[in-house]
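The block underneath contains the structure these notes are about, expressed in structure tokens.
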Ligand code: SF4
Ligand code: SF4
Ligand code: SF4
């Protein structure tokens, strides 16, 4: 929608800077964006943006934006490029990929999706049609371990569904700081739930804004969530609080699980997790008595541990004990949905042909069984460096950023082994400097977008600003590359962004033309309401057809079918490196690596910092703002000490993704969860010294 | 006089008000600048958030101290005219609330209740963006 007043034009738009879909007003003058604010006119708009969305103008017009396709002319990493045309770029990439496929086989080409995620189904199709099973994404270190755990218990991805803020009586927020990392509507829904007097249990080592509003805040040490969850289960079972009828009717393996959690008394868990036993009991009682209980589990913190997969299973299984699965106010609440879009990231992902030939297949059998749609690529550096079953010659990335892995230096070295490295990106990132060919992608306001608002309204956003330089939407790049490789994407084949939008709209029964012509770009979907009944939701798609305390798939994969407990602190050199290092703890102004380059955000405070509890700092003689050295067995970095009462004593927090002071250089590339392949980002070890004292 | 109050019970420390203020006031999207809002962290390192900005004091000492008239009292607010500022920081020395801030060229940045900006006059951008309802114009 757009309207003008005083030479200003106001358009409505979807922010999308972080991949979420907050609605904004974009104020335009002579075709340039001059201000943004939260939108209040569109259906279900929250009216607000976050700090990152508010800086959209700096993101859009940033001098680091890639504007033209480019070819490397300097050495890798140097950052010297020459401008080439789109035809030249796509021809060169496709010729080299086809030649490589002919001589060495398709699987030696890896396709990778970083951020954002919306075009992933089509990129997966591109990889599949090219003939390689080696398609993977940043989900190799985020969210997919949770997805695996969900599928092993419930046969579906429970964590993708928002908790039922409105109908629950108790809301469990496990490791999520939504005010800093979720869409603004997520924050607002949470704050409303607080206002309406729900019981809120927050499980988080830190005092987050959520935790400050909680009825009960449990602060386990990072990586101990599994022990905590099993102790909560222990109380639910021993005090007979759990939903016996539900467990009998809809689950398998309960007796074994009951045996299994018997050793996790609240007192034992208190020793492991640092959470007082009475609080564990209170949590168990509240979750079972004050029902329905809904749960929000974050995509990363629980699973960023070497035992993360099992810990996550233990957390998820609490939802089988409360019996709130598939009921209003519980998890997988049967909320009527009248509109869905086709071919989006949120939809089902297609399985790959020849998945069993991918590079990670034999390393992570449970991943392979539970996530047939992509390869586990957290060991990408190893694979490129020659450590896989066969070499990797080509890597084609969309938003590839090597700073996301532990030890980015290993990838910097490995990149030299590649014959072809391509990246499609918004900015000249550090990774781009290593590439042979760069392709410029457009940002959200430079492309037409479609979203579902409030469950039944379809919203079409025309292009808000002209595209910068020759940037193209990622989807158009995928379609053109496929064409050059000799095939098409979609059926019927899609060749333009318009085709893509038409495909998305199919389930809604709306045509792109009528939507474009509709006032404000808004139309009700013609889809029939698809409310699933509780019974339908509860007939789960696990191999047994029941919710599995004992997982059939895990048994088949040689993985412990019950959640195991393993204490990483016994395996790390904690005597020399006594602090738990949790990386990636959210700061509201940062979104992974993306906003470091934006001074409006990066200069709000100096962000090369380590957050430490004032008590820990005082023992070390460290004052607020003082420079310190943080060291791990892999090296050290100078940061400034931010003394924060939010930190759990004994745990320090550092944000990730900085190109200049990347904490990932100090992690151990082999410190991975053996089941999921996920790095232990939230629970490594380090020591802190005053800079004056450090040697 | 009119000013923006922050309820620390409600503030979630999301910093949205800080950037919204910059977006309202900074004409050049490529420029580094500062926000007229200030995020205060508790000195004892305790958890909790509060943001502040100009109190728009009646009988504003900053306006009296300002030698160039860049700061002046206007009906119910203390207005700022950045073009007149010479960066002497006289205002900074007299403000009891440590409000005046200076951008990279040393020119004052201070809350003007969003009465200036490349897009014109707006409802205070910080109040508008705040997801927690912590900010109110009083
Ligand atoms: S959370 Fe922030 S960056 Fe993400 S879409 Fe919303 S306003 Fe934009
Ligand atoms: S700048 Fe300081 S002294 Fe001047 S009106 Fe604002 S709060 Fe008062
Ligand atoms: S926008 Fe509101 S909640 Fe966020 S920091 Fe500012 S005052 Fe606090």
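Some notes on this structure:
- Residues in segment A:28-45 that are facing another protein chain (nearest Cβ under 7 Å) and in contact (Cβ under 8 Å) with a residue 40 or more places away in the chain: A:38 alone.
- Meeting the requirement of 3 or more residues that are away from ligand 1 (no atom under 16 Å from the Cβ), under 30 Å from residue A:15 (Cα atoms) and away from chain B (no Cβ under 14 Å), the helices (runs of 4 or more DSSP H) wholly within segment A:49-110 are A:86-104.
- Number of positions in segment A:39-57 that are under 24 Å from the mean Cα position of the chain (by Cα) and either surrounded by 24 or more Cβ atoms within 10 Å (Cβ to Cβ) or within 16 Å of ligand 3 (Cβ to nearest atom) (or both): 10
- For the condition buried (at least 16 other Cβ atoms within 10 Å of the Cβ), closer than 30 Å to residue A:10 by Cα and within 11 Å of ligand 2 (Cβ to nearest atom), residue B:111 qualifies.
- Enumeration of residues in segment B:4-51 that are away from ligand 3 (no atom under 14 Å from the Cβ), surrounded by 19 or more Cβ atoms within 10 Å (Cβ to Cβ) and under 22 Å from residue B:123 (Cβ atoms): B:25, B:26, B:29, B:33, B:34
- Within segment A:603-637, the set of residues being assigned to a loop (DSSP other than H, G, I, E, B) and farther than 17 Å from residue A:664 by Cα comprises A:603, A:604, A:605, A:606, A:613, A:620, A:621, A:622, A:623, A:624, A:625, A:626.
- Members of segment B:115-132 found to be at the interface with chain A (Cβ under 8 Å from one of its Cβ atoms) and either more than 13 Å from ligand 3 (Cβ to nearest atom) or over 18 Å from residue B:27 (Cβ atoms) (or both), listed by number: B:117, B:118, B:119, B:120, B:122, B:128, B:129, B:130, B:131, B:132
- Residue B:75 being in contact (Cβ under 8 Å) with a residue 24 or more places away in the chain and either away from ligand 3 (no atom under 16 Å from the Cβ) or within 16 Å of the chain's Cα centre (by Cα) (or both): no
- Condition check for residue A:581: within 14 Å of chain B (Cβ to nearest Cβ) and either within 30 Å of residue A:148 (Cα to Cα) or under 22 Å from the mean Cα position of the chain (by Cα) (or both): no
- Screening segment A:91-108 for residues that are within 33 Å of the chain's Cα centre (by Cα) and more than 15 Å from residue A:482 (Cβ to Cβ) and picking the one that is surrounded by the most Cβ atoms within 10 Å (Cβ to Cβ) gives A:107.
- Counting only strands (runs of 3 or more DSSP E) that sit completely within segment B:1-97, those holding 3 or more residues that are within 14 Å of another protein chain (Cβ to nearest Cβ) correspond to B:38-40.
- Residues satisfying the stated conditions in segment A:19-34, i.e. in contact with a helix residue (DSSP H, G or I) (Cβ under 6 Å, 6 or more places away or on another chain) and either modelled with pLDDT under 95 or outside any loop (DSSP other than H, G, I, E, B) (or both): A:33
- Taking (1) within 16 Å of ligand 3 (Cβ to nearest atom); (2) crowded, with 21+ Cβ neighbours inside 10 Å; (3) more than 29 Å from residue A:434 (Cα to Cα) in turn, residue A:33 satisfies each apart from (1).
- Out of B:3, B:25, sole residue that is under 14 Å from the mean Cα position of the chain (by Cα), near ligand 2 (Cβ under 9 Å from one of its atoms), at pLDDT 95 or above and in the same structural domain as residue B:127 (by TED's automatic domain parsing): B:3
- For segment A:167-177, the criterion of being within 9 Å of chain B (Cβ to nearest Cβ), within 16 Å of ligand 1 (Cβ to nearest atom) and crowded, with 21+ Cβ neighbours inside 10 Å is met by no residue.
- Unique match (being part of a helix (DSSP H, G or I), more than 30 Å from residue A:491 (Cβ to Cβ) and out of contact with any helix residue (DSSP H, G or I) (no Cβ under 9 Å at 6 or more places or on another chain)) among A:185, A:145, A:189: A:185
- Check on residue B:54, at pLDDT 95 or above, surrounded by 18 or more Cβ atoms within 10 Å (Cβ to Cβ) and more than 12 Å from ligand 2 (Cβ to nearest atom): no
The values are calculated or read from the model by the stated rules, or taken from the named source; none is laboratory data. Model, not experiment: these values are computed from the prediction. Don't worry about glycine lacking a Cβ; one is built from the backbone with ideal geometry, like all the others, and counts go over all protein chains shown.
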